[in-house]
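Enquirer: Okay, here's the structure, questions in a sec.
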Amino acid sequence: MAGLLLMVLSATAMAQTTIAAAAPAVVDRPVAERSVGDWLQRMHDASRQRAYVGTFVVAGGGRLSSARIWHVCDGTQQMERVESLTGAPRSTFRRNDQVLTFLPENRVVLAEKRESLGLFPQLLQANNAAIAQYYRVHEFGRDRVAGFEADVLELQPVDSLRFGYRVWIEKDTGLMVKLQTLNARGQVLEQAAFSDLQFDVPVSMDKLAQMMSHTEGYKLEKPHVRKTTAEAEGWVLKQVVPGFQPMSCYQRSVKGSAPSQYEHTLQWIFSDGLASVSLFIEPFVARRHGQPASQAMGATHTLTRRLGDWWLTAVGEVPTETLAAFAQGLERQK
């Protein structure tokens with residue numbers, strides 16, 4: 001799960017087991033009719049444009065994780081600070097697409113770029129008509145989250161290749177304040193929400209910028225990432241997985257056992273506008289790669305298998321059968 005809130009989800013979520021879903025107790029007060037694209041665009045804009053401070057909590061599987069968020073924008077750029085409140089200390093600062101993650105225990109700062117800044121992984125790059133083709137929106141009325149009135153809607157998939165979502169959207173700003181990811185039986189795979197939230201608080205962009213630049217005493221690490229195409233690297237998807245479009249592709253390099261040696265992994269990213277799938281392809285190494293396997297942690301599923309001289313790791317907030325379809329369609333061309 002991908003954008004500010006889904007970035008927090010991926011950074012702070014712990015292993016979560018399926019819990020029974022109960023329909024929210026909402027008042028039957030329908031809002032003005034909106035298409036799926038209208039709702040998603042409103043949430044995306046709010047996640048980018050609103051200034052707010054809040055505590056975001058992820059719960060499931062008997063575990064609880066949370067993070068404190070400070071978000072500010074001035075019309076031309078946005079900044080945010082995300083401070084982990086559970087687990088190992090971690091502070092993440094973002095200025096537009098520039099991201100620094102401070103790991104105090106290791107005295108390391110990770111520097112990277114993140115292109116996707118919307119609520120869902122690739123909303124602005126996706127075709128809203130395509131999203132509407134694979135999801136149906138149903139309004140549930142109103143509920144309250146963190147003291148705010150919220151419109152509640154459910155995005156139900158039309159096939160078994162994707163999960164559904166139940167979303168609480170603050171009625172005045174459009175900010176998503178609660179999110180549930182649902183399986184085909186309507187059970188909650190993941191749940192996250194603001195436990196407290198304040199809008200339009202005086203967050204200083206200059207102060208956040210100063211905190212972000214204070215890297216003295218830390219080792220700065222930058223991943224070796226090169227933008228490319230799957231075709232240029234010799235890979236094609238011979239069979240399209242319905243609804244999923246290729247969004248970007250990167251060659252990632254990490255240092256190997258020898259000082260001058262680098263190991264390369266290709267990351268090919270797909271999205272249907274809501275869910276995303278990453279295919280990680282690297283040379284097969286017998287001592288490192290085991291038997292083909294699949295596993296699930298909350299809504300995130302992982303599938304691994306050997307493809308000739310290569311090793312595939314497919315990861316996404318989608319059912320395992322979707323990852324299997326990607327694996328079956330992937331083919332080496334050179």
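The values are calculated or read from the model by the stated rules, or taken from the named source; none is laboratory data. The structure displayed is predicted, hence computed values, not measured ones. When we count neighbours, we look across all protein chains shown, and the Cβ atoms used for this are built from the backbone with ideal geometry, even at glycine. All accessible areas refer to the heavy atoms of the entire protein, side chains included, with ligands and DNA or RNA removed. Shrake-Rupley method; radii C 1.70, N 1.55, O 1.52, S 1.80 Å.
Enquirer: Using the heavy atoms of the protein chains and a 1.4 angstrom probe, tell me the accessible area per residue for region 142-255 in square angstrom. Could you put the intermediate results ahead of the total?
Expert: Values: 5600 Å² over 114 residues.
The answer is 49 Å² per residue.
Enquirer: Roughly what would the spin-label model give for K113 and T215, points 7 Å off Cα along C-beta, in nm?
Expert: Those two pseudo-labels are separated by 1.5 nm.
Enquirer: Would you list which lysines come within 29 Å of K207, measuring only between C-alpha atoms, while excluding same-chain residues fewer than 8 positions from it?
Expert: Hits, sequence-local ones excluded: K113, K178, K219, K222.
Enquirer: Let me ask something else about it. Can you spot the aspartates and glutamates whose alpha carbon is less than 17 Å from K227's alpha carbon? Ignore those fewer than 8 places along the same chain.
Expert: The qualifying aspartates and glutamates are D97, E112, E115, E263, E282.
Enquirer: So which trypsin sites (Lys or Arg not before Pro) in region 123-223 pass both tests, a DSSP loop state and at most 15 other Cβ atoms within 10 Å of the Cβ?
Expert: Loop-located and lightly packed - K171, R185.
Enquirer: Ratio of region 121-230's C-alpha Rg to 2.2 N^0.38 Å, to two decimals?
Expert: 1.46
Enquirer: Related question: What Kirkwood hydrodynamic radius do you get for region 38-111 when you take the inverse of the mean 1/r over all pairs of distinct Cα atoms, in Å?
Expert: 13.8 Å
Enquirer: Decide, for region 186-334, between rounded, prolate and oblate: order the square roots of the alpha carbon gyration tensor eigenvalues as a ≥ b ≥ c, take rounded if a/c falls under 1.5, and otherwise choose prolate if a/b is larger than b/c, else oblate.
Expert: Details: a/c = 2.03, a/b = 1.30, b/c = 1.56.
Oblate shape, in that a/c is at least 1.5 and b/c is the bigger or equal ratio.
Enquirer: For the pair A130/N96, report the inter-label distance in nm, with labels modelled 7 Å from Cα in the Cβ direction.
Expert: Placing both labels 7 Å beyond Cα along the Cβ direction yields 2.6 nm.
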